[in-house]
Amino acid sequence: MYLSLSDSALGLEYIYHSILVFVNSQGVTFQYQCLMIQHLIGGTVMSSLIHTLLICIDRLNATFTTQKGLLVLVCTNKGVLLYFILCHCIALLRFGMATIDGPVPCDPKNTTTTLGFFSHDIPCLCIVVAIISCYGFVIYRMIRSQNVLQSSSMTESQVAKKKAKDIRTRRNAVTLGLIIAVSLVSVLPRTMLVFSVYVGTTSAITGTLALIFNNFFLLLNPVVDPVIYVLRIKKYRQYLLCKCLKNNSVTDATNSTAVH
């Protein structure tokens, strides 16, 4: 459920941003709102990456026979909420610094600045590297655990339990790999674009690429991630099914009461 928070927030922020763009007012208030929501979207993207890293850490912790207390502490629900709030505080601080000299036009190119590069894109790239490293270590421990299982002298019941745990871990690793792939596709193109702008390599299509990467690639997370959850996570499907059945029951009961 870690990523559900970021995905929901990102979807709502994009909807609000789309409304602002549709209204297309050129007033000062519009420019401030539009730029602020762009920076908030950046904060949500960063928190989404952190939540993906937390899932990697949680999967890594599951590969140990005895879970590590520090890893459990890092992945608590309070920690998830804290990282989410912290990323948005950084985004608001970046917004304040970007508007010191007054409002700027609501243009995707205005997010590819040096300030955004060092306060958003570089940290996101570091988080992506940490995600890949942690995921690689999870895969390594899974393979190592499988080799140890084959050469150990465990009882049949212990072997059966260990195999069942390894199957669950392997399935979770595949799901996590899909989520990481979506995150990489949505984040890395923008990071490369901002880096090229920072080093002075710009072209006539820079504005178009900024528009595509900001408005379409970053939407992959809130659009594709829920599909992955439904297809790959049984508990998530059961949760949605229970919610739907509960809502239908409440609706039926309300209708029955109205008839009587």
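The values are calculated or read from the model by the stated rules, or taken from the named source; none is laboratory data. This is a predicted model, so every value here is computed, not measured. Here the Cβ is made from the backbone with ideal geometry for all residues, glycine too, and neighbour counts use every protein chain on show. To get the accessible areas, we keep the full protein, side chains included, count just its heavy atoms, and leave off ligands, DNA and RNA. Shrake-Rupley method; radii C 1.70, N 1.55, O 1.52, S 1.80 Å.
Computed packing ranks the peptides 48-55, 182-189, 160-167 as 48-55, 182-189, 160-167, most packed first, by mean other Cβ atoms within 10 Å.
Take the residue pairs 68/162; 78/162; 78/163 and return only those whose Cα atoms are more than 27 Å apart.
Over 27 Å apart, Cα to Cα: 78/162; 78/163.
Between the stretch 177-195 and the stretch 51-103, the C-alpha centres lie 18 angstrom from each other. Remark: spin-label model distance residue 70-residue 192 equals 3.5 nm, labels positioned 7 Å along the Cα→Cβ axis.
Over the stretch 55-127, give the accessible area per residue in Å² for a 1.4 Å probe, as an integer.
Details: 4040 Å² over 73 residues.
I get 55 Å² per residue for the stretch 55-127.
Each Lys or Arg adds one and each Asp or Glu takes one away; over the other residues whose Cβ falls under 14 Å from the Cβ of residue 49, this sums to -2. Shown is the FRET efficiency for residue 118 and residue 19, computed with R0 = 30 Å from the Cβ-Cβ distance and rounded to the nearest 0.05: 0.50. Solvent-accessible area of the stretch 59-120 (1.4 angstrom probe, protein heavy atoms only): carbon and sulfur portion equals 69 percent. Between residue 199 and residue 171, the C-beta separation translates, for a Förster distance of 41 Å, into a calculated FRET efficiency of about 0.45.
Okay, which of the stretch 65-91 sit inside 19 Å, backbone N to the point 7 Å along the Cα-Cβ direction of residue 161? Inside the label zone: 65-68.
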